[in-house]
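Comments concern the structure below.
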Amino acid sequence: MKPTGIVFFPAFDWGISPTHPEREERLLYTRDQLFEEGIMDLPQIVEYQPRMANDRDIARTHFCIPGVADQATDAHRISCGGALTIADAVMNAQIKNGFALVRPPGHHAMRVAHGNRGFCNINNEAIMVDYLRYHYGLKKIAIVDTDVHHGDGTQDIFWHDPDVLFISFHQDGRTLYPGSGFVQEIGGPLAQCSTINIPLPPGTGDQGILYVLDNLVLPILQDFKPDLIVNSAGQDNHYTDPLANMQFTAQGYAELNRRLAPDIAVLEGGYSVETALPYINMGIIMAMAGISYSNLYEPDYKGHRFEKQKAGSSIKMTVERLQNLWQIREALIDDTRKRQKEFYQQQKSIYYDTDGINEQQLETVRMCPDCMGYHTIDSHASLHSGDENHVFCISIPLKACLRCQGDAWNLYEDRKAKDDVYQALYMQDKVQDRFLRYSVRDGQEISFE
Ligand SMILES: [Zn+2]
Ligand SMILES: [Zn+2]
């Protein structure tokens, strides 16, 4: 039996502020706990050193404004590189599965990145998914986000992509940041139901979550048949977490991981730094490595508090609604194709809570009959400093047809020739793996490598 791979990266030199809940102790207590329990000495576990994600890895997924270096510090590159290290080890069959215990986190970082949202600048899992598809030719990947907060960044990145199934369950967006992730958010017109959101009422415990897993998430995964399952592993559903209001336990998290059996887990949130996080992380590692976790309990665990909880009727209704949607997904897409014009457009308003940035986007998708179309994003951001960034981004998906590839490049060249309203133009060609930024003011073009 192959071992489970682990990467630790606590990022000593990165933080939002010294007293912020997103701080390096999040991982230090986990590390101590694993050493104390002798987990790291077991033959079932192997530790890897993270590498650094380069500009190309990041530009394959994001439009970083103005450039990659402005959004990704060394800490971000190592955190993301930790996920890539685990991905390589899984693909090269050195390990059966792996857990990147890294920070800064990533799941609130969207396709266009002007700054930090929800503690995230770049999206570790999304970058890893695009990396796996480009370098290893994986066709279909599922991401299951088990953080208490809706993974709105990951959702945004794969919104139009029918080959990446994104499933997020989280505390109801009416009661928690970022205020999204409702049942009707199911993906773009050509990728309906490749996004599945399961909002849960505050106070949901182990029974509720395992009900959702068994009755909705696992059956959908069985239908979708992904080449690989990624878990965005946020531990802030715990009953002691200071940022949210759920009732999960370390046992519940370990059991969830065992049933989901992800190939790769990447750490997201979890802010009960001393009392819960080390136990949850340890439970997940034990589950991934096939080690019994039946005696794993948090120090303050009192079982009677949780024993009576059953999945309530609102959870059952949500599950039923999504089961029904999932059944008619192909009809939904066919119907939309018939009704849409050549281009689909949508307007978006995005707020960067950490950095105080307001962004307005106009997104366009070519409704191509032969592929998922090329995309453009007109993005206008008002920064906290009063500065404005107005940019135009073009994206060619990995499976774009020749016509869409050609038309997207023509559009880029046309825009370059015009004296435009934009400060910069970005080209993200995932087929050729070429990522460019053209500065309108000085006519300089750079390639992210
Ligand atoms: Zn979270
Ligand atoms: Zn096309």
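Each value in this text was obtained by applying a stated rule to the coordinates, not by laboratory testing. All of these numbers come straight from a predicted model, not from anything done at the bench. Heads up, the Cβs are rebuilt from the backbone with ideal geometry, glycines too, and the neighbour counts pull from every protein chain shown.
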Could you grab me the full set of residues in segment 431-449 that are surrounded by fewer than 19 Cβ atoms within 10 Å (Cβ to Cβ) and within 26 Å of Asp161 (Cα to Cα)? Val431, Gln432, Asp433, Arg434, Leu436, Ser447, Glu449
Gln340, sole failed condition from (1) under 30 Å from Asp223 (Cα atoms); (2) within 16 Å of ligand 1 (Cβ to nearest atom); (3) not basic (Lys, Arg): (2)
In segment 126-184, how many are closer than 23 Å to Glu363 by Cβ, among the acidic types (Asp, Glu) and either over 15 Å from the mean Cα position of the chain (by Cα) or more than 16 Å from ligand 2 (Cβ to nearest atom) (or both)? 4
Name the one entry in Leu216, Leu256, Leu221 that is in a helix (DSSP H, G or I) and surrounded by fewer than 20 Cβ atoms within 10 Å (Cβ to Cβ). Leu221
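Here's the yes/no breakdown for (1) within 16 Å of ligand 1 (Cβ to nearest atom); (2) in contact with a helix residue (DSSP H, G or I) (Cβ under 8 Å, 6 or more places away or on another chain):
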| position | (1), (2) |
| --- | --- |
| Arg259 | no, yes |
| Gly269 | yes, no |
| Ile280 | yes, yes |
| Tyr301 | no, yes |
| Gly312 | no, yes |
| Gln327 | no, no |
| Gln346 | no, no |
Any residue in segment 401-427 that is more than 16 Å from ligand 1 (Cβ to nearest atom) sitting within a Cβ distance under 9 Å of a residue that is part of a loop (DSSP other than H, G, I, E, B) and among the basic types (Lys, Arg)? List the pairs, counting only those 6 or more apart or interchain. Gln423/Arg441; Ala424/Arg441
Candidate set from segment 35-76 (those that are assigned to a helix (DSSP H, G or I) and more than 22 Å from the chain's Cα centre (by Cα)); member that is nearest to Tyr136 (Cα to Cα): Met40
